[in-house]
Amino acid sequence: MAGRERRPVTIYEVADRAGVSIATVSRALRDSELVAPPTRRRVQRVAEELRFRPSRAGRALAEGQHAANGIVFPDLSGPYYAEVVLGYEEVVAELGRSVLILATQGRDNAAELVAELAGRVDGMVIMGRTVDDATVARIADTGLPLVLLARPRVGLVDTVTADNTDSARALTGHLLGHGHRELAFLGDPARSPDVAGRFAGFSAALADAGLDPVEPVRSEFDVRSGYTAARELLSRGRTRPEAVVCANDEVALGALRAAEDLGLSVPGDLALTGWDDIMASHYARLTTVHQAMRELGATAARWLDERISGVAAGARHEVLPTRLVIRASCGSHHDRPDE
């Protein structure tokens with residue numbers, strides 16, 4: 001029988017030998033600060049003596065966890081959400097966890113679905129205006145680790161956002177610096193906290209220049225909606241704007257196509273800007289604002305893991321920087337294809 005493989009040691013055996021619970025074993029082997037240093041060293045010594053190798057499933061069982069994180073998106077279509085998901089999943093995969101994704105677009109029972117997901121995961125990221133603040137507060141009160149992504153603060157929940165207002169103010173100021181005075185904003189601030197921040201920066205820049213405020217031209221955030229809204233806006237004859245600030249690059253690409261179909265040149269007849277700096281904006285020579293979309297998702301994933309592990313203390317709020325990318329669509333003479 002000498003050739004028979006040795007039976008793997010279980011976490012229960014380590015716990016029994018060290019005189020602790022299986023939850024303490026799991027935490028000690030991850031160097032959790034929730035375990036006192038002497039106990040942590042004792043557990044690690046026993047695990048080494050027994051040649052114990054913890055599995056992900058074992059850790060989840062020991063700590064009463066699901067080994068899964070949840071993330072709630074408003075929508076999953078378009079390059080912006082794809083980049084955020086990639087950043088989130090890259091970190092989660094490194095941590096040995098799985099991801100359950102819920103998109104609330106078009107769902108009347110979004111709050112109910114989010115609450116149901118909360119019961120199936122160890123922690124959750126909630127992005128944008130997917131559910132109201134009251135729902136977020138109720139879930140936070142259960143003790144489930146939460147991180148908010150691209151939405152305003154709610155209580156003491158961690159929040160990760162990107163700068164919107166200051167960059168939008170700078171972007172609009174750049175257009176005003178070209179001599180444009182008839183500006184329009186294409187997008188719906190009521191549907192997205194990010195877009196609300198961009199519209200606030202746009203409005204502030206107009207006020208800085210002594211110009212009257214303007215109402216946004218409401219549009220969804222995809223190419224088709226941008227095209228439809230822009231075509232109506234640009235068909236107004238003498239009241240047509242000189243420059244259009246779009247809520248994101250997809251809307252701007254739709255507006256670009258609408259301008260072309262109406263026989264307008266960009267930037268000769270119309271200055272146009274977007275937001276996000278997606279790949280297509282490079283080829284369209286679109287002035288835009290670059291934001292680190294993958295880093296948004298990655299930061300939310302790291303913070304959530306720290307909350308689940310119990311190593312984070314106090315509410316954290318971070319605003320990731322964005323930067324203006326000037327290309328030909330606003331009339332710049334400094335456009336470079338690689339920017």
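Since every read-out is calculated from the coordinates, none of them should be taken as a lab result. Note that the coordinates shown come from a computational prediction; the quantities given were computed from them, not determined experimentally. Reconstructed Cβ throughout: ideal geometry from the backbone, glycine too, with neighbour counts over all protein chains shown.
List of remarks:
- In nm, spacing of pseudo-spin labels at residue 231 and residue 115 (7 Å Cα→C-beta vector): 4.3
- Debye, to nearest 20: dipole size of the chain, +1 on Lys, Arg Cβ, -1 on Asp, Glu Cβ: 1280
- Applying the Karplus relation 6.51 cos²θ - 1.76 cosθ + 1.60 with θ = phi - 60° to the stretch 96-107 yields 3J(HN,Hα) values of x, 10, 9, 10, 10, 10, 10, 9, 9, 3, x, 9 Hz, where x marks Gly and Pro.
- The chain - percent relative contact order, Cα under 8 Å, separation 6 or more: 17
- Once backbone amide H atoms are built at 1.01 Å from N, residue 322 has 163 as its partners under 5 Å, excluding neighbours fewer than 5 places away on the same chain.
- The chain: calculated mean residue ellipticity at 222 nm from DSSP helix runs of at least 4, using -39500 (n - 2.57): -13000 deg cm²/dmol
- Given [x] 21.0, 71; [y] 25.3, 94; [z] 23.1, 76, the label whose value is Rg and Dmax of the Cα atoms in Å derived from this model: [y]
- For residue 323 and residue 48, a Förster radius of 51 Å and the Cβ-Cβ distance give a FRET efficiency of 0.55, rounded to the nearest 0.05.
- Counting beta carbons within 10 Å around each of 309, 26 and listing the fewest first gives the order 309, 26.
- Sites residue 313 and residue 99, calculated FRET efficiency, Cβ-Cβ separation with R0 22 Å, nearest 0.05: 0.30
- The residues neighbouring residue 85, those whose beta-carbon lies less than 12 Å from its own, together hold a net charge of -3 under the Lys/Arg +1, Asp/Glu -1 convention.
- Cβ crowding within 10 Å averaged over residues, with 294-303, 40-49 ranked highest first: 294-303, 40-49
- 14 Å reach of a label modelled at residue 77, 7 Å along Cα-to-Cβ, counting backbone N of the stretch 212-247: 220-228
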